[in-house]
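For reference, the structure is listed below as structure tokens.
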Amino acid sequence: MPGATHSPITPERQAELHEAWNLIAEKKGGLRKKEVYKVLRALGMAPTDAEWRDLWTRMEPVHGKVEYHQFSHVLEETLEASFNVDRINQAFELFDTDRKQYFDANDLDRVMRSLGEHLTEEQIKDMIGEVDCQGDARVNRDEFLEMMCNF
């Protein structure tokens with residue numbers, strides 16, 4: 001899949017960013033440092049102190065406040081930088097040891113057992129079904145990548 005470009009910034013994720021911002025901002029316009037941190041926490045993010053200082057600096061606050069466009073731009077850059085197709089392909093290959101370009105319930109069961117998870121046949125079938133867009137009871141590389149992009 002060389003040359004494929006996927007971004008973790010789905011329209012749903014963008015809407016989530018905006019909604020979290022609006023919960024804190026209401027009609028204030030820009031937000032101060034503590035308020036932006038609350039938005040990050042509302043999004044389920046927990047940056048370290050160093051990461052937080054870097055994010056805040058990259059948002060380029062003016063008079064101690066940042067506007068939504070600055071916030072969303074930096075967050076999108078951060079999420080895109082953490083998205084690594086090569087690592088996702090490596091994860092896919094843990095399931096597809098035979099290099100058949102898909103994995104099935106047996107492959108998923110093998111990996112889950114190696115992680116100490118003993119799932120029922122129904123649980124495995126459900127997990128495959130959540131990702132399988134083609135209805136062939138298998139997960140191909142594109143389906144896996146799409147699932148990981150939206151995770």
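A residue that is surrounded by 10 or more Cβ atoms within 10 Å (Cβ to Cβ), in contact with a helix residue (DSSP H, G or I) (Cβ under 6 Å, 6 or more places away or on another chain), modelled with pLDDT of 85 or more and acidic (Asp, Glu) can be found somewhere in region 29-40. Taken as a whole, the structure places THR97 among residues that are farther than 30 Å from GLU19 by Cβ and among the hydroxyl-bearing types (Ser, Thr, Tyr). Highlighted here are the helices (runs of 4 or more DSSP H) found entirely within region 44-151 that include at least 2 residues which are at pLDDT below 90 and surrounded by 12 or more Cβ atoms within 10 Å (Cβ to Cβ): 68-82, 85-95, 141-149.
The values are calculated or read from the model by the stated rules, or taken from the named source; none is laboratory data. For clarity, every value in this text was computed on a predicted model and none was experimentally measured. All Cβ positions, even for glycine, are placed from backbone atoms using ideal geometry, and neighbour counts span all protein chains on display.
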